[in-house]
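Below you'll find the structure, written out as structure tokens, and then a few comments.
All of the numbers you see were taken from the coordinates with simple rules; none came from a lab. Note that this is a predicted model, so its numbers are computed, not measured. So basically every Cβ, Gly included, is an ideal-geometry build from the backbone, and we count neighbours across all protein chains shown.
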């Protein structure tokens, strides 16, 4: 592993991944099985946010019981990503989603960049 490699970590109270609006997440929805797609679409509120997202606390109300497709560990299998590319893929996904939801110059994106630079490898 290069000393410049970054390790994925979740930025708590960001909530960008809870923005489920189907028109904004078509590639993600297409990677799901038909059953997962139904579950995903059932979780989308009228405002495009997950119905389980607590917007005040910016956290998931069902975190421990959230579906597999809400777990970063599932990204590799959903998108056929080799395990050795998991961190880079998760980081790219988070950057894209944080930019989309919070903006490219947002505090959330700056915090995420600091977090991934300081996170030690989990393996």
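Observations on the structure shown:
- Helix-derived mean residue ellipticity, 222 nm - over the chain, DSSP H n ≥ 4, -39500 (n - 2.57), to 500: -11500 deg cm²/dmol
- For region 9-24 versus region 96-120, the gap between their alpha-carbon centres in whole angstrom: 12 Å
- For region 1-52, the Cα gyration tensor yields ellipsoid semi-axes of 27, 15, 9 Å (square root of five times each eigenvalue, largest first, whole Å).
- Relative to the longest principal axis of the Cα atoms of the chain, helix 107-118 runs at roughly 50 degrees.
- Considered as an equivalent ellipsoid built on the Cα gyration tensor, region 16-118 has semi-axes of 21, 19, 13 Å, the largest given first.
- Top of 15, 56, 48 by mean-square fluctuation, Gaussian network on the chain, Cα under 10 Å: 56
- Axis of helix 86-102 versus longest Cα principal axis of the chain: the two differ by about 60°, to the nearest ten degrees.
- Springs between Cα atoms under 10 Å define the GNM used for the chain, and in it the highest mean-square fluctuation of 62, 91, 51 occurs at 62.
- The stretch between residue 35 and residue 95 holds 18.9 nm of extra length on full extension. This uses 0.36 nm per residue minus the Cα-Cα distance.
- Distance between modelled label sites at residue 77 and residue 12, nm, 7 Å Cα→Cβ extension: 2.7 nm
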